[in-house]
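The values are calculated or read from the model by the stated rules, or taken from the named source; none is laboratory data. This one's a predicted model, so the numbers in the text were calculated from it and none came from an experiment. FYI the Cβ positions are ideal-geometry reconstructions off the backbone, even for glycines, and counts take in every protein chain you see. SASA here: full protein model, heavy atoms, side chains in, ligands and nucleic acids out. Shrake-Rupley method; radii C 1.70, N 1.55, O 1.52, S 1.80 Å.
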Amino acid sequence: MTALALRLGSAPRSYYWLLWLLLVVATYVLWSHPELAKPLIKYPRSLFVPLMAWISVASKWCVDNLSPFTRAVAAVIDVPFQLVISLLAKGFTNVSQEVVFPRFSWVGIVGAMSIAGYALGGLRLGILSFFCFLYIAIVGKWDSAMLTLASVALCVPIGIVCGLVFGILCFRFKSLDEWVIRPSLDVAQTMPAFAYLVPILLLFGFGPVPAMIATVIFATPPMVRATKLALEQVPEEITSMADMFGCTRRQRLWRVMIPTAKPLLMVGVNQVIMMTLNFVIIASMIGAGGLGFDVLVSLRRLDIGPAMEAGLAIVVVAIALDRMSIAAAHDDGRRSPEPGAGWARRHPYIVMAAVWLAVTTALGVGIAGFANVPEALTFSTKTFFDEIIKWININFFDLIEAFRAALLINVLNPFKNFLVDLPWVVVVAAAGLLGYQLAGWRLSLLVTLLMLFPVLTGLWEKTMITVYLCSISAFVSALIGIPIGAWASTRDWGNRLVTPVVDVLQTMPSLVFIIPVVMLFRIGDVTAMIAIVLFAVAAAIRYTNHGLRQVPPHLIEASVAIGCTPRQIFWRVKLPLAMPEIMLGINQTLLMALAMLVITALVGTRDLGQEVYISLAKADAGRGIVAGFCVAFLGIVADRLIVAGAKRVRRRLGLPDE
């Protein structure tokens, strides 16, 4: 439905400047004479739609009537989860809690992951995987990491299967995609992660299984989109050839199209893995346990050393899994054995890893060093991180405090007060007018309705605080990221330097960004803003770099031929042509800022993220879902306006629509 709003021709020309002038005048009049129309400045509380109460009543009815069924579903899902967790973390026990079959040896898992890395990406990836998992063992985070890995091992296959099924449905049934699945994915990807947790907590209870269900909901949308896109990009010649050979519809899909689309499908798998790992940490709030729980407990105690240690362990796991899945996506199949070979010859690395696991686990029964990580091999980095933070605070406290206070007093608070004091009717009208100017009345109607939602449900003030925090964070991210991306685009060594840093930033789970910042800047909006900037700046760098590098070489040669200087080529040719891509980078920066919002609620923000976080603590489904929809609608509004703006720029430059 939201996509239809962008399927437009150019908006009719009009005197937009006059409409904007009228809006400015109306704002001034309402500001200077608030007694003229108080309801247009602050929406009357008596007119609020009690949507939160309605949802709470409905959720209570669902809990009363559906919880026996949902608890049964949770019990069924718990069976494979307990199997995986017994293999990786706890071992199999009898009624007396005595271990009757040990868990996999840590030596075996380190070796098996190294073999997997070697099989997928060669020697370098094998070595990287070895050191990543060895690091987890020697810093004493093995047990927690295995709990996290168990959740990932079960959530990822479920997310991939669900994503494949819905992606194929989107590909086959365009109307279903346009009217049902795509809008649902938009909401699912923009709604705060915590908002999923409240209804799932009520229906499925507290524990790892509800956390896994929420994780699958969160991680599946990228796989759906990747599947649909991958199937659409299968060359028509290949599908026509399949038809010529007499393939049925099912054979054409599973024997021809899916194998052809494998590289892009593996990109979707990579996204499912990364989002699962990201959300498993958030889900620790409802009992998922693992490394996320360690980070959460340490943050609540402001114990930065352990939080950094657990956070780095998460990053290490994320890097290893990310690199392996990317390597799988780029596998060209050249190492595949000849057809007709036996299963063991076709999968030698699987056999090797299985044998290694079996041998080391068997050795672990008699040799304690194989079963558990010996304490003599472990060391803790907690003191190291604590000392660093202590040294920085002793030597730079005054400087940091002055920076924090100056930023808060001179920039953040004035901007927040300005937005909060704006009449709601002016903001909604401005969004609608901008939508009309960019793409016509359909986008204008959509944007206006979405912006009215927080007004009618009584969350307008928190919505504007959200807009303040996200917009200023995205602005700072763009201010940092665009110049870095532009610099990297002009020299190859700069690109080689920046790309790995951006990869690492995008691999790190969002919760990790808060840990160092909170100790230096304490809780509050400054900490939240810096954490959001660190999380979102990667998108601005990557899209700017990519956009500038995609400028057609013949246009640059033509500008050189007519005598343009390098500065003129950059400002007059490359930058305008790359502007649509840069705008999409800003779009992604905004969406990432919104996604980070709920995480920053942990450091005391007062926006919609805090509203969702409080609803989780109070198990108030209505409050959490309505606040979640407000965040989702803000994301959709920003996305649609920026995408429409990018389309207008592309058309003005004579570039084809993507």
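Observations, loosely collected:
- Residue within region 254-265 that is surrounded by fewer than 17 Cβ atoms within 10 Å (Cβ to Cβ), among the aromatic types (Phe, Trp, Tyr) and assigned to a helix (DSSP H, G or I) present: yes
- Residues of region 395-410 that are open to solvent by less than 40 Å² (accessible area, probe 1.4 Å) and under 23 Å from residue 312 (Cβ atoms): 400 alone.
- Highlighted here are the helices (runs of 4 or more DSSP H) found entirely within region 326-394 that include at least 1 residues which are aliphatic (A, V, I, L, M), at pLDDT 80 or above and crowded, with 16+ Cβ neighbours inside 10 Å: 348-366, 368-371.
- Residue in region 548-556 that is open to solvent by less than 50 Å² (accessible area, probe 1.4 Å) and in a helix (DSSP H, G or I) present: yes
- Of residues in region 619-633 being open to solvent by 10 Å² or more (accessible area, probe 1.4 Å) and at pLDDT 80 or above, the one farthest from the chain's Cα centre (by Cα): 620
- Every pair of residues 6+ apart whose Cβ atoms lie under 7 Å, when the first sits in region 616-628 and is farther than 19 Å from residue 450 by Cβ and part of a loop (DSSP other than H, G, I, E, B) while the second is of a type outside the set (Ser, Thr, Tyr) and open to solvent by 10 Å² or more (accessible area, probe 1.4 Å): 619/201; 619/202
- Residue within region 185-193 that is over 19 Å from residue 592 (Cα atoms), at pLDDT 75 or above and surrounded by fewer than 24 Cβ atoms within 10 Å (Cβ to Cβ) present: no
- Leading residue by the ranking (surrounded by the fewest Cβ atoms within 10 Å (Cβ to Cβ)) among those in region 23-49 that are polar (S, T, N, Q) and free of Cβ contacts under 8 Å to residues at least 24 places away in the same chain: 46
- Close pairs from region 164-183: first touching a residue at least 60 places away in the same chain (Cβ under 8 Å), partner buried (at least 16 other Cβ atoms within 10 Å of the Cβ) and of a type in the set (Ser, Thr, Tyr), Cβ under 7 Å, at least 6 apart: 164/227; 167/227; 168/227; 183/2
- Residue identified as under 20 Å from residue 18 (Cβ atoms), part of a helix (DSSP H, G or I) and open to solvent by 50 Å² or more (accessible area, probe 1.4 Å) among 449, 445, 434: 434
- Residue list for region 80-113, restricted to those being of a type in the set (S, T, N, Q) and either over 20 Å from residue 320 (Cα atoms) or open to solvent by 20 Å² or more (accessible area, probe 1.4 Å) (or both): 82, 86, 93, 94, 96, 97
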